[in-house]
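These notes concern the structure reproduced below.
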Amino acid sequence: MISRLNLRNFDDDGTAPTDNPEVTADEEIAARIAKAHKQGHIEGYLTGADAGRAEMAKTMEKAQTEMVETLSQELARLAVAAEQRHEALVAQVVGFTLQTCEIIFPEIIERMSAERVRKTAMKSLKMAIGSSRIRVRLSPATLAEIGPELRMQAARHQCDHALELQADPDLHAGDARMEWDHGSLDYGFQKICDRLLAELRDTHKRAIDAQKDKDGHGQA
């Protein structure tokens, strides 16, 4: 039997490199294990980083979705609030206008009714030129104020022979009733003002009701 012969140098202090194949194999295995461990650590780190980035992206996407939803809700709230403020402003403006007109309209009627009737009657008199009969009814006060001018205007248009002026105590200052061959006029300055006041009152009521409805829905 032939056995392996190991030669040993007794002068060697152990610092010199060895050519022992067993030692070399052990060191190579240890190096590979360390490399594999390091590579595994790196791959684990990268995998964890990818997972972290994915989670962060998911979190950011959720935050953006929540932010957009919150912003949409806020814009809707602002739109409703703006509409309510607009309706409240309309109600306030119409209310102020109504109060002002209710105060000044009686004075306007008193001061301007005769002038408005005069202008309206003069225009109607021109349309009645050539008629065989032009009948004009006015309140006594209005007839006393504008009657002479109406007669002069009729004479200027050569229809004074057809003009009939009458005082009607049932008419208010600012009222005029005219009839001629092919037309008629029923004018009332006070009725016009009353109609405007009625429209303002109705508009104001609708604005107030709309505001109450909005407030009621908002509290429900």
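The values are calculated or read from the model by the stated rules, or taken from the named source; none is laboratory data. Model, not experiment: these values are computed from the prediction. With ideal geometry, Cβ positions are generated from the backbone for all residues, glycine too; neighbour counts draw on all protein chains shown. To get the accessible areas, we keep the full protein, side chains included, count just its heavy atoms, and leave off ligands, DNA and RNA. Shrake-Rupley method; radii C 1.70, N 1.55, O 1.52, S 1.80 Å.
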(message) What's the number of the only condition in (1) under 30 Å from Thr100 (Cβ atoms); (2) assigned to a strand (DSSP E or B); (3) among the hydrophobic types (A, V, I, L, M, F, W, C) that Cys193 fails to meet?
(response) (2)
(request) Filter region 108-126 down to the residues that are touching a Leu at 6+ places or on another chain (Cβ under 9 Å) and aliphatic (A, V, I, L, M), then identify the one that is farthest from His172 (Cα to Cα). (result) Leu125
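Ala198 - would you say it is closer than 30 Å to Ala88 by Cβ and in a helix (DSSP H, G or I)? Before you say what the answer is, go through the steps one by one.
On the way: closer than 30 Å to Ala88 by Cβ: yes; in a helix (DSSP H, G or I): yes.
Here the answer is yes, as Ala198 does meet what is asked.
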(message) Checking the structure you have, find out if any residue of region 207-218 is open to solvent by 40 Å² or more (accessible area, probe 1.4 Å), farther than 16 Å from Ile108 by Cβ, among the basic types (Lys, Arg) and at pLDDT 90 or above.
(response) no
(message) Quick test of your reading of the structure: Arg177 fulfils all but one of (1) in a helix (DSSP H, G or I); (2) out of contact with any helix residue (DSSP H, G or I) (no Cβ under 8 Å at 6 or more places or on another chain); (3) charged (D, E, K, R). Name the failing condition by number.
(response) (1)
(request) Return only the number of the condition from (1) open to solvent by less than 30 Å² (accessible area, probe 1.4 Å); (2) in contact (Cβ under 8 Å) with a residue 60 or more places away in the chain; (3) among the acidic types (Asp, Glu) that Glu110 does not satisfy. (result) (1)
(request) Go through region 119-142 residue by residue and tally those that are assigned to a helix (DSSP H, G or I) and surrounded by fewer than 18 Cβ atoms within 10 Å (Cβ to Cβ). (result) 8
(request) Go through Gly95, Gly147 for me and flag whichever is touching a His at 6+ places or on another chain (Cβ under 6 Å), open to solvent by less than 30 Å² (accessible area, probe 1.4 Å), assigned to a helix (DSSP H, G or I) and of a type outside the set (A, V, I, L, M). (result) Gly95
(request) Residues being at pLDDT below 90 and open to solvent by 40 Å² or more (accessible area, probe 1.4 Å): count how many of those fall in region 161-181. (result) 2
